[in-house]
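The values are calculated or read from the model by the stated rules, or taken from the named source; none is laboratory data. Predicted model, so just to flag it, every value in this text is computed and none were measured. Don't worry about glycine lacking a Cβ; one is built from the backbone with ideal geometry, like all the others, and counts go over all protein chains shown. Note: areas computed on protein heavy atoms with side chains; ligands, DNA, RNA excluded. Shrake-Rupley method; radii C 1.70, N 1.55, O 1.52, S 1.80 Å.
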Amino acid sequence: MSNRSVRQNNDSDGGPSSRLRLIRVIALCWLALLIGFFGGAYVYSTEAWPYPIIKGIEDFVAGHKEEKTSLTEKVESDLGIKPSRQIVTATKLVKSVRRIYKDNLGELNGLPLKSHREKPLIYLSDRAPRGYRVIYGVFDFQRTRHGAILLDPDGNVLNVWQISQEIVPWRHPEDANVYPHGFEIAPDGSIVTAFDEGASLIKFDYCGNVVWGAKIASHHSISSDGDGDIWTWGDPKGHPAGNWLMKIDYETGKILKMIDMLQVMKKNPLIDIFGILQDYDGNWLYPNDPGFAWHTNDVEALPRELAQYYPMFKAGDLLVSLRQPDLIFVLDPETLKVKWWREGLARRPHDPDWNDDGTITIFNNNTHRRYSNILELNPATMAFDVAVDGKSYQFYSAIRGKHQRLPGGGNLITSSDQGRVFEVDPEGNVTFEFLNLYSDNKREGDKAELLLVSEARFLPIDFFKELPKCE
């Protein structure tokens with residue numbers, strides 16, 4: 001047998017040459033994996049190219065943590081075919097409202113809507129408080145997906161803000177992937193808006209022009225302190241569930257004060273209301289991080305004109321809501337001391353409000369229990385009552401939601417997850433109904449689709465100064 005034959009047989013039988021080649025292949029594979037791993041770590045840590053592309057794909061596939069859309073629906077939403085990410089189904093509710101109000105329920109005209117959606121439905125009773133109503137949410141306008149509408153005292157469209165958070169020069173998600181959540185309006189007709197999963201706080205004038213934009217990942221809530229400033233939740237570094245209480249100058253967008261919830265926790269060691277969702281693993285940890293664990297969702301300063309009704313507190317004290325621990329508390333923003341708290345009364349609550357009778361009303365989502373409600377709580381005695389029983393009004397919003405005590409003692413309710421705004425008078429009668437209808441063929445079995453509504457406000461007749469004329 002020749003030497004050549006011997007070498008061939010050694011190769012074919014797994015001789016030294018074959019093993020060497022195998023080792024080289026394995027080494028190259030490991031090298032490629034190491035390069036890929038460290039290259040990926042570098043890209044993610046520095047956000048260098050192609051991080052924006054990769055992150056965009058990740059965000060697209062994952063979607064919002066609380067949305068239930070399929071991949072196909074995400075595609076049609078992002079292409080502008082249909083805003084599926086922000087659509088909810090409420091067939092039973094729409095049929096019931098049509099049956100109850102019949103000819104008194106009309107279409108809301110005067111909105112610059114895309115042709116493929118139907119007009120919102122509106123009912124306004126003569127018994128409803130007379131004033132303006134502004135509604136902030138998803139509308140699928142001709143120019144933008146999100147916006148706000150202002151209704152005059154007769155329920156007609158007076159003004160429309162077609163707004164977008166894509167106008168800012170810094171990195172931001174597209175409007176298809178954010179949810180309007182956080183709104184304030186001023187007597188000059190200007191508004192400030194925020195978006196869950198967004199990257200900015202933006203002020204628009206009455207005509208829809210940008211006044212300023214702040215690079216703050218503001219979310220859930222914006223509220224005036226009555227002295228020319230606003231409070232919101234956010235994070236200047238862009239965390240989508242930022243746990244910073246932030247005081248902002250309404251005129252300029254400048255940050256005036258920042259309070260980290262971790263600071264608040266450390267300042268109040270004798271009450272462990274902030275550590276309920278912690279666990280121990282060598283260090284005290286939260287699932288994911290404190291922002292997501294707490295789910296901070298509302299902050300409102302006690303206005304000077306209402307301070308007389310709350311002897312326990314002073315003007316400027318903050319009424320705060322954390323969804324996950326079912327917690328409502330009052331914070332002194334100067335000392336960071338918690339003056340009062342109530343935990344477990346509401347399930348996954350939103351939007352506690354100060355009122356002119358010394359009570360605190362709370363939007364109780366009552367998540368997983370079929371019906372939401374509005375609670376009324378006396379902070380001095382801890383006595384509480386159900387102000388609006390959701391079962392009587394087919395009212396249920398598992399997430400999100402706002403409310404407002406109306407003149408005369410009624411309540412305005414934004415049932416976000418139903419695309420709905422309605423008002424109930426002190427006797428329990430519905431005096432206003434708004435359904436942000438997207439599609440409804442009115443045939444038995446067809447589903448009614450509505451677009452999410454974030455927030456509604458009732459404004460008294462004398463709220464506005466002289467409003468500008470817009471082209």
- Query: Is there a residue being within 21 Å of S415 (Cα to Cα), open to solvent by 50 Å² or more (accessible area, probe 1.4 Å) and of a type in the set (S, T, N, Q) anywhere in the stretch 317-328?
  - Reply: yes
- Pull up the stretch 329-346, narrow it to residues that are surrounded by 15 or more Cβ atoms within 10 Å (Cβ to Cβ) and assigned to a loop (DSSP other than H, G, I, E, B), then point me to the one that is nearest to the chain's Cα centre (by Cα). A346
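Closer than 26 Å to A194 by Cβ, surrounded by fewer than 22 Cβ atoms within 10 Å (Cβ to Cβ), β-branched (V, I, T) and touching a helix residue (DSSP H, G or I) at 6+ places or on another chain (Cβ under 9 Å): does that describe I399? If you could, list the steps in order and put the result at the bottom.
Values: closer than 26 Å to A194 by Cβ: yes; surrounded by fewer than 22 Cβ atoms within 10 Å (Cβ to Cβ): yes; β-branched (V, I, T): yes; touching a helix residue (DSSP H, G or I) at 6+ places or on another chain (Cβ under 9 Å): yes.
Yes: the conditions hold for I399.
Any residue at all in the stretch 78-85 that's modelled with pLDDT under 65 and open to solvent by less than 60 Å² (accessible area, probe 1.4 Å)?
No - not one qualifying residue is present in the stretch 78-85.
Being in contact (Cβ under 8 Å) with a residue 24 or more places away in the chain, of a type in the set (S, T, N, Q) and touching a Gly at 6+ places or on another chain (Cβ under 9 Å) narrows it down to one of S439, S416, so name that one.
Details: S439 fails: touching a Gly at 6+ places or on another chain (Cβ under 9 Å).
When all the criteria are applied, what remains is S416.
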- Item | Verdict on F422 being within 22 Å of Y309 (Cβ to Cβ), in a strand (DSSP E or B) and open to solvent by less than 60 Å² (accessible area, probe 1.4 Å) | no
- Message: Looking at the stretch 245-290 only, could you name the residues that are exposed (fewer than 15 other Cβ atoms within 10 Å of the Cβ), β-branched (V, I, T) and at pLDDT 95 or above?
- Response: T252
- When restricted to R145, R133, the only residue at negative phi, more than 17 Å from the chain's Cα centre (by Cα), touching a residue at least 40 places away in the same chain (Cβ under 8 Å) and buried (at least 18 other Cβ atoms within 10 Å of the Cβ) is R133
- Message: So, S392, is that one among the small types (G, A, S) and buried (at least 19 other Cβ atoms within 10 Å of the Cβ) or not?
- Response: no
- Item | Breaking point among (1) crowded, with 22+ Cβ neighbours inside 10 Å; (2) within 19 Å of W354 (Cβ to Cβ), for P407 | (1)
- Task: Would you confirm whether any residue within the stretch 109-121 is free of Cβ contacts under 8 Å to residues at least 24 places away in the same chain, not aromatic (F, W, Y) and not in a loop (DSSP other than H, G, I, E, B)?
- Result: no
- Task: Filter the stretch 122-144 for residues that are aromatic (F, W, Y) and either touching a Leu at 6+ places or on another chain (Cβ under 7 Å) or assigned to a loop (DSSP other than H, G, I, E, B) (or both) and give the result.
- Result: Y123, Y132, F139, F141
- Considering the stretch 177-224, residues that are hydrophobic (A, V, I, L, M, F, W, C) and not in a strand (DSSP E or B), and then whichever is nearest to the chain's Cα centre (by Cα), we arrive at V178
